Every structure is written in structure tokens, then in C-alpha cells.
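Structure first, commentary second.
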Amino acid sequence: MRNNNSFRTTWLVASREIRLRAKTRVFVITSVILLIAVALAVALPAILSGKSKPDKIGVVGGTTATITGIITQAGQLSGGQAVAVAEPNQAAAEAALRNGDLAAVLVPNKEIIVKQVPLGGVSGSVETLARLAGLSKLIQDVPGAANAVAQGVTLPVRGLQAPSTSLSSRLTGLFTIVVVWVLISVYGSQIALGIGEEKSSRVVEVLLSSVRPVQLLIGKVLGIGLLALTQAVSMVLVFIIAGFASGSNLVHGATLNVVIAGGVFMILGYAFYCTAFAAAGSLVSRQSDVNSTIMPVQLPLILAYALSYTVIYANGANAFYHVLGFLPPTAPIAMPVLYAAGDVPAWQVVIAAVLTAAGTVWMARIAVRIYSNSILRTGPRISFRQAIKESRSA
Amino acid sequence: MELEIDGLRRRYGTVTALDELTFDVPAGQVFGFLGPNGAGKTTTMRAIFGVTALDAGEIRWRGKPVDEAARRTFGYMPEERGLYPAMELFDQVEYFARLHGMDGPSAAKAAWHWIDRLGLSGRGRTRIDSLSHGNQQRAQLAVALVHDPELLVLDEPFSGLDPGGIDDMSAILKERAAAGVTVLFSSHQLDLVEDICEAVAIIYRGRLVVSGPVADLRRGDRARLAVRVAGDTAAAWSAGLDSATGTVDAVRADGTAEISITAGGDAQQILDLARAAGAVEHFAYEDRSLSEVFRQATGASVGQAEAEHAAATKATRVATGAGR
């Protein structure tokens, strides 16, 4: 009965936050703009590349009508265009491949060569070509093999360079952490501002006459968190839908995993930071002071974000950034970056997620104490040091 | 007794806010909780709602220590009024009704009822920060009343009200008390509220000074005479008064002497003495004001007590950096 009541009260607080914010014009407009931005970021490259330039496939030893047909067909089947280009020998073909003139090289009946095989495997016209060329080889080599076509045969794909995450995966990682960072700081400051408003307008005393501080705090971060989650989930959905609709290679394999990991760390990051923002908001007496108290809360995020550029554009992250990937305050930004850059295996991502979740519990306990202790204090702004010291003795 | 305040103690650093404060509030009355600023009224009221922790003592409601369930049946109007500035009036009132446990439909019905009842009809869809100051006060009262509380606690409900507003507020408090609600309100303006409440507790420095029905306190244990002799603005005639008959408490600006009659003393002897000095313009039994009751019990006027508190607050604020 008591728990029931307690949950009901918390939910009442949460639903007020949702109703109040979801119906504001600012929220609706920013949500729509964000979703359009995601859709464009995913679909535009695929649409532009698909229409403007067909994949050039070099054929070592000259083209035949059969091979040209296979290449054209592979392009169409993968939703784009591919044309065959005759190459005198393998060395010339590989040189053209290195300087970007060719998308892939077909050595008939032997293999397909690309510049670099993405970690998730090849996709698009090259993948289709590998299958079709493999079938063609089979049919030529083995009499009556056409009957066995249903089994599917693929020509091996070899990379000139060691396998690595594609640039698209890294850029998706960057895009993902920008979204994580923006959502955490935007919604985090909304929490702090909302609590600053309750404190400065003194409505908090009326609230606390019927609601416990912890219910008020949890209700607030839950309500605002659900809004943030809705926005994050709809962005991921738009990413996937726009990706498939436009035939973008971003929705395949590794890149999609980066987006999903980003979504998980978005939730964990919000959970970790939401109570800290709430505690920061409870320290001020005037709403205009909120910006200065949330600054220290955001510092770890800013640090991880700033350093992430060194990982995105470099081969291999340094040890310091690896450490950041496992610390709860920086993991929500650092770990998706490390994963996108191919610097950590999936199991380390899971460990970082568990550590962050544990850190969330620890942070929430401290934050609730600071909040309960500070929310009714008027007068000058309370420093974090003072609030922590007093919350220990309280 | 419905509400029992029993031995409350609370210290803030070196400042003692409540010092063994004890009094009872009966049901169905408008009960005044009076004292100068800084006496501990707000701390006591916050303690009733568990907003302030106590060092010692207990608050009981209908014989049981106040808990969360009991508090849900209480209504509170804090001294520092507060509502969500950007929320519409109806949403706000309905929200607080639901926080006190009402379901959706009855919360909405009660919200509209109190909006109309407090003269805010037509303002239900107005944002709080667009309401006039007086209407914000009414909105605050609506929030305290909307869930039909069994105990109504109002901190300085009359401060900042014009005379019309004071009449409206006291009418509502009396109506609620008549409906069986226990009404406890605080004020530092002792004389302003002596006609509004039936019983009071007066506190000073966190301690109870006196409590009881207003009529009894104002009458006191010695009857009070007010006597004025024409032309004698210093009440020089009263110098001849025998302390076995009565003592002069004060002389007003117009020369009226306020005299407490000694037990067994004879008012007629006082009249004779005055007549011997000149024409008696005024001779009447009077009740004391509550601020005089306070002065007699504490030796300090309400004004002195508040000035003393203001000076002390300034000093401790500098020392602790805290507001209260």
C-alpha cells in the first residue's frame, strides 16, 4: 500500500514534467529538426553516391560480355550501379584501387580485391558481385553446376590493407556521441533549471508537505528522462529506417552496432548524470545561478568529448582514453568512440556498461542526500564541498 | 485534542529555534499561533509537515505521531508563498489535489470548486505568473484547501492582505472551522488577529508564553479599568492610587490611565479618586490587547522582540552563511 502510494506520487511528479514539456513548441520543433538531421545524415550520402557515380569495378585480363553483365547485374541487385573497367594486369588494377579510381577489382574465377575490408564485412555492390562472380566461376568449372546454384557460392574478398573499421563507422561513432552529449547536457540542464525554479519560486515547500524529497527528485528525472529516451529511440529508429530506405551502408554490421552501443550509453549516461544535475540545481536560490553550478557536473563529459576527436581520426586510442572508457563519468562518451574506432571488443563495452550502471547507483545516493539537504536552504549559493560535507553529517 | 505539539526542540547551530515548545490545538476552532518574528512559528509549522527535522519532541494528530498518511490529509500554506509560475491555475490546483491522493475526476471537480469559491472564476486557464498578486494569494489558498484537509496550517495568511482580503480570509477560516476542520494559523501581528481566532498560543524565543481562549487571556486574572479625567493628560490624579486597590499599567497619550484592579479591590474607590481630581470623561472596564498580554508575560513589547531578533539574525547569517 505504502509502496503503491509512493510509486503513484513519483509517477504524478514525472507525468507533470512530461506534460509540461512535451506540449511546448520548443520541444516539438527541436525534436522534428533532430529527426530530420538524422535522416539526412544517413540517407544523403547513399542517395548522392548512388545517383552520381557508379562503382567502377576493374577486371584483370580484360572484360568479356559475361563479366560485364555480371558486374552490371551486381550493381543493380545491390540498389546502385556498377560498371566494368578493363585493366591490363593485376598491378595496374591494384594501383588504381589504392588511389581510389576503382571500388573493387575482380580477378575472374579467383578473387575480389578491395582497398580495405570493413570489420563488418563488405556490403553493397561488391558483396553482390562476389556472390555473382562466384556463381559464374562455379558454372564454368563444374559441368551441370547450374543445378547447384541455389547453394550459393562466393568468391573470396581480399583487402590490400589490414582490416579496420571503416570511416563510416568512425563518423557514425562521432555522430552518436554528439547526440549522447547533446541529450545529456540539454536534458540535464532542464533538470537543474526545473529544480532551481521549484526552489526559487518556493513551491518546493508546498510540494514537500506532501511528497518526500526522494520522490520529487526521482519523479523529475524519470519524467524528463522518458522524454529524452523517446527522442533517442526515435532517432535510432529514423537512423535504421532511413538507412534501409536509402540503401545506405551505414545500417550494416559494425555501424549499426555502434549506434546501438551509443543508445545504451545514452541511457546509462543520462542515469548517471541526471541525479548530479538535480543536486546541482538544488544548490542555488536563484534560477540564474544554475548555469554556474552545472558547469562542474558537465566537465567530465566535455573532456571525453574533446578528446574523442583524437581517437576518431587516429589509428588506435591512447591508454588514457582507454581508461576514460571505463570510468562512469566519461564512459558514456568515451566507450562508444572506442567501440566505433574498433579499439575495444564487445565484451569490454559490456564491462564499461556494468561499471557505469554501478557508478549510477553510487552517484544517485550522494545526489539524493545533497538534494534533500539543500532544497529548502535559502540564502547564498551553496558550494558542492559544503553540500557534501553537510549531507554526510545530516 | 486534535493536534498536540509536545516538547519540540530544534537548534540551528548556536541559535535555539524551539525550546521545549508544547501546546494543543482543539478541533473546530480557528486557532492563532502568535508571536514576534523569529519566535519559532515557521519552524513549528514546517515540523508539522516533516519539512524540518526536530532534535526532540513529538507532534501527534488524533493521538498518533504524525506520519505520511496523516500529512496527506493536511493542507499547508507556507509563509513564503510558492507556485509554479508557468503552470496554469487549474493544472496547478488539480496537481496538488492529486498529490494529496485524490483521483483524477474528483481532483478536477475540487479544483474547479475552489477556483470558483475563491473568486477566481474564469482564471482557470491563466498562468500563475499572469495573475495579480492578490489572485496569486487566492491560488495559494486554493492549493491548501483543494483536497478538503482535516487540518489546515497557514503561515502568516494575513500578511500582505488589504482589509478586504483580511475579511475574506478570516471568513474562509471560520467557515472551515465550522465545518469541523482544525485550523491553525500564525501571525506576528497579535492585535490584528485577536478578533479572528477563538483560542491562541503565544510563543517567544521558542517557548510557549501563554495559551488559551482569547476571551480569557484578554480579560486576564485582574479586571482592567480605563479612566480619564478632563484636562489631566498625564493622569496625575492616579498618583494617589493605593496598590491594594489597583495599579496603573500605562497611560495613553490622551491621558487615559489603564488600571489593573487588585483582587478584592473596589472600582468605586478608583472612581471616587478620579472624581476628586476633576470631571471624569471616561470610566469603563476593558479587555487587554493580545500584544499587552505578550508584554506583561515577557517584559518586552512585540516590536522590541522583533528588533532583537533582526539584529541576532544578521549576526548569525554572517557567521553561518545560512538563511534560517
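Where a number appears in this text, it was derived from the coordinates with a stated rule and is not lab data. These numbers come from a predicted model, not from an experiment. Note that each Cβ is placed from the backbone with ideal geometry, even for glycine, and that neighbours are counted across all protein chains shown.
Sequence-distant contacts, meaning Cα pairs under 8 Å at least 6 residues apart, place the relative contact order of chain B at 20 percent. The aspartates and glutamates within cross-link reach of B:Lys64, meaning a Cα-to-Cα straight distance under 16 Å and a gap of 8 or more places when in the same chain, are B:Glu2, B:Glu4, B:Asp6, B:Asp24, B:Glu150. Between A:Ser292 and A:Ala92, the distance separating the two model label sites (each 7 Å from Cα on the Cα→Cβ line) works out to 7.2 nm.
Cα-based radius of gyration for region B:178-324, normalised by 2.2 N^0.38 Å, reads 1.32.
Once you reduce region A:210-250 and region B:213-248 to the center of their Cα atoms, the two points are 77 Å from each other. When Rg and the Kirkwood radius Rh are both evaluated on Cα atoms of region B:19-86, their ratio Rg/Rh stands at 0.96. Per the Kirkwood formula applied to alpha carbons, region B:221-287 shows a radius of gyration over Rh ratio, Rg over Rh, of 0.91.
Between the beta carbons of A:Ser383 and A:Leu237, assuming R0 = 41 Å, the FRET efficiency works out to 0.45 to the nearest 0.05.
Please go through the residue pairs A:Lys56/A:Lys137; A:Lys220/B:Lys41; A:Lys199/A:Lys220 and name each one whose alpha carbons sit more than 19 Å apart in this structure.
Values: A:Lys56/A:Lys137 21 Å; A:Lys220/B:Lys41 31 Å; A:Lys199/A:Lys220 14 Å.
Cα-Cα > 19 Å for A:Lys56/A:Lys137; A:Lys220/B:Lys41; rest within.
For region A:196-274, the orientation-averaged shadow of the C-alpha convex hull comes to 6.5 nm² (one quarter of the hull surface).
As a test of the formula, what do you get for the protein assembly as shown when each DSSP H run with n ≥ 4 contributes -39,500 (n - 2.57) and the sum is divided by the residue count, at 222 nm and rounded to the nearest 500 deg cm²/dmol? Don't jump to the answer; show the numbers that get you there.
Numbers: 24 runs with 380 residues, N = 718.
The helix-only estimate for the protein assembly as shown comes to -17500 deg cm²/dmol at 222 nm.
Extension gain for the segment B:Ala263 to B:Ala300, taken as residue separation times 0.36 nm less the Cα-Cα distance, is 10.9 nm to one decimal. Volume of the convex hull of chain B (Cα atoms only), normalised per residue: 163 Å³.
Tell me the net charge near B:Gly303. Cut-off is 13 Å between Cβ atoms, B:Gly303 excluded, with +1 for each Lys or Arg and -1 for each Asp or Glu. Charge balance in the 13 Å sphere: -3.
Per residue, the Cα convex hull of region B:86-180 amounts to 97 Å³.
Loop-only check: which GluC sites (Glu not before Pro) in region B:45-104 are DSSP coil with at most 14 other Cβ within 10 angstrom?
On the way: sites: B:Glu58, B:Glu68, B:Glu79, B:Glu80, B:Glu88, B:Glu94; in loops: B:Glu79, B:Glu80.
Answer in residue order: B:Glu80.
Its Kirkwood hydrodynamic radius, worked out from the mean inverse distance over all distinct Cα pairs, puts region B:151-251 at 16.7 Å. For the protein assembly as shown, a crude dipole built from +1 on the beta carbon of Lys and Arg and -1 on the beta carbon of Asp and Glu, taken about the Cα centre, is about 3000 debye to the nearest 20. Sorting A:25-34, A:327-336 by their mean Cβ neighbour count within 10 Å, with the most densely packed peptide first, gives A:327-336, A:25-34. Along each principal axis, taking the top coordinate minus the bottom one, the Cα set of the protein assembly as shown gives 147, 49, 44 Å in descending order. Each of B:Ser159, B:His100, B:Thr43 was scored by the projection of its Cα onto the charge dipole of region B:3-214, and the greatest displacement toward the positive side belongs to B:His100; charges sit on the C-beta of Lys, Arg, Asp and Glu.
Rounded to the nearest 0.05, what FRET efficiency do B:Thr313 and B:Arg252 have when you use their Cβ-Cβ distance and R0 = 25 Å? Intermediate results must be reported in sequence, preceding the final value.
Values: r = 32 Å, r/R0 = 1.30.
That gives a FRET efficiency of 0.15.
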